[in-house]
Each structure stands twice: as structure tokens, then as C-alpha cells.
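Student: One structure is given below, represented as C-alpha cells, and several questions about it will come after.
The values are calculated or read from the model by the stated rules, or taken from the named source; none is laboratory data. All of these numbers come straight from a predicted model, not from anything done at the bench. Note: ideal-geometry Cβ built from the backbone for every residue, glycine included; neighbour counts use all protein chains shown.
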Amino acid sequence: MVSRRSRIQRDRIPLPLLVPAVVAIAFFMLPLVGLLVRSPWPDSWQELSDPQTLDAVRLSLFASLTSTAVAIVLGVPLAWLYARTSFPGRSLLRALTTLPMVLPPVVGGIALLLAFGRNGLLGAWLEAAFGISLPFTPAAVVMAETFVAMPLLVLTVESGLRSMDGRLEDAARTLGASRWTVFRRVTLPLVAPSVAAGAVLCWARALGEFGATITFAGNFPGQTQTMPLDIYIALQTNPGASFILSLTMLAISIVVLIGLGRRWLTPT
């Protein structure tokens, strides 16, 4: 049985690890402290109750949650495809479909314009056949956020699928279950923590998206102006307001991450 003294010694952090860990904590915390200290708190209610700000908050929440839902519907099957099947060119296809995660967001926005713009590969046909124009609309906001955020969910779920015990799926198939039944009744419940973790990462990335959104959807107040775009404009004209709006995004993110983290993201 391990004594209390030996357990304390085991838990002590070596100095070469402690110092950089403290520096890392300070690196993350000091900007947040600066934001809290320098924000004009007396003007916070006035800034937050501004109609343009409220529209930006509503659009950000709607677009980020919608893009996360779309990412789950499309990304989980894609992750299963990469984790459970083998086909020629899989590695290349996997690299291309996760490329937006590391691609500069503005480049992603330009790519979306070339694909779904009025003169784009698919956009021209959509407008000619159905009169649908996607750029510079709320739908474009959702598309831009989904494009840059879904790879995070795909990689997280794929990792969860690869690490789970495949013998459980094999046992279900030997009992006569179809592949769809195995996925729905066995695979999905086992990989649910990975789906939840991926969804949180996807949502956080979508909520903070800037470059692809402003390139593909524009920055129209009340229509396509999300919180990051509103903060960018406020920083140039009213820095104090940008601090308050940044705190609002910070608070929303913390509430969601803590709430979901207790259930899905807490290390064991």
C-alpha cells in the first residue's frame, strides 16, 4: 500500500516542468486579466443593449450552433468512413477534407466564393436554375463556419473510433445485426464522448470565426455581422465597446465549456 508520504513525493512536479508550466499559465491568464481590468465596466450595459450588438450576438449563437449541428450530421459519417474503411486515395482525401483546419481563413472564404459565388462552380448553376444566391447571406455565415470548424469534429471522432474496442462491433454483427444497427446501437453510444468533445471544439471554432465569414458572407449589420466582426469594427471606432463585447464572447465560451466539460471533457 502506498504511504501518504510517498504519494506526496510522487505528485511533486519537477522544477524543470513546473517553471514552464507556470509561464504557460501566465501566458494564457495575463491577456484575460488585462481584458477584465481595462474594460469600461460602467458603460457595459449601454454597449450590450445596443441593437446592433444584440443582433450580432443572436446571429453568432444561431450560426455557430447551426454549423455545429451540420458538422455532426456530416462529420460523424465522414469520420466513420476514414476510421472503418480502406479505399485508394483515402489518405489524400482525408488530408484535403481536413485542410480547412490549417488553411488561412481568408483563403477558405475565397475558396467558398469560387465554389458557391454567383460565378462559382456550383453557385452559378444554383442562381441560374433556382435563383439562389448564397454569398453575403446568413446561410453564407453558416457555411463559412462549418467549412473551417468541421475538420476539428471529424478528427476528434475519428480518433475516438480508432481507439474504441472493435470487438464489440464484431460481436454485434455475429449476432445478426446489420451495419446500420451496429453503428446506431453500439458504435455511436461508445463514441458519444468523442462526438461531444468534437462538437464543443467545432462550436468554439465556429463562434470565433472571422476571416472566412467576412470574405464569403460580408459584414452587414443585422444580416451577416457576427460578434467577431462587430468586435473588429468596434476596435477601430470605439475600443471600450470592443473590450466589453470581447468579454461577452469570453463569458459565453466559458459557460459552455464548463457546462459541457463536467460531463464530457473532464480528464479521468
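Student: Name the residue, out of ALA197, ALA177, that is among the small types (Gly, Ala, Ser) and out of contact with any Leu (no Cβ under 8 Å at 6 or more places or on another chain).
Tutor: None of the others qualify; the one that does is ALA177.
Student: Would you kindly identify the helices (runs of 4 or more DSSP H) lying entirely within the range 136-253 that contain at least 3 residues that are crowded, with 18+ Cβ neighbours inside 10 Å?
Tutor: Where helices (runs of 4 or more DSSP H) fall fully within the range 136-253 and carry at least 3 residues being crowded, with 18+ Cβ neighbours inside 10 Å, they are 138-163, 188-207, 211-216, 227-237.
Student: Then there is this: In the range 117-146, which residues are under 25 Å from the mean Cα position of the chain (by Cα) and among the acidic types (Asp, Glu)?
Tutor: If the condition is that a residue be under 25 Å from the mean Cα position of the chain (by Cα) and among the acidic types (Asp, Glu), then GLU145 is the only one that fits.
Student: Taking helices (runs of 4 or more DSSP H) that do not extend beyond the range 24-132, which have at least 2 residues that are exposed (fewer than 13 other Cβ atoms within 10 Å of the Cβ) and modelled with pLDDT under 95? Break it down stepwise before answering.
Tutor: Details: elements: 44-48, 51-84, 90-98, 105-116, 123-130.
Result: 44-48, 51-84, 90-98, 123-130.
Student: Between ALA144, ALA129, ALA124, which is within 30 Å of ALA197 (Cβ to Cβ) and aliphatic (A, V, I, L, M)?
Tutor: ALA144
Student: Is there a residue in the range 74-85 that is over 22 Å from the mean Cα position of the chain (by Cα), over 30 Å from ALA251 (Cβ atoms) and among the β-branched types (Val, Ile, Thr)?
Tutor: There is at least one residue in the range 74-85 that is over 22 Å from the mean Cα position of the chain (by Cα), over 30 Å from ALA251 (Cβ atoms) and among the β-branched types (Val, Ile, Thr).
Student: Moving on. List the pairs whose first member sits in the range 123-145 and is free of Cβ contacts under 8 Å to residues at least 40 places away in the same chain, whose second member is outside any helix (DSSP H, G or I) and surrounded by fewer than 18 Cβ atoms within 10 Å (Cβ to Cβ), and whose Cβ atoms are under 7 Å apart, counting only residues at least 6 apart or on separate chains?
Tutor: ALA124/ARG118; LEU126/ILE132; GLU127/ARG118; GLU127/SER133; SER133/ARG118
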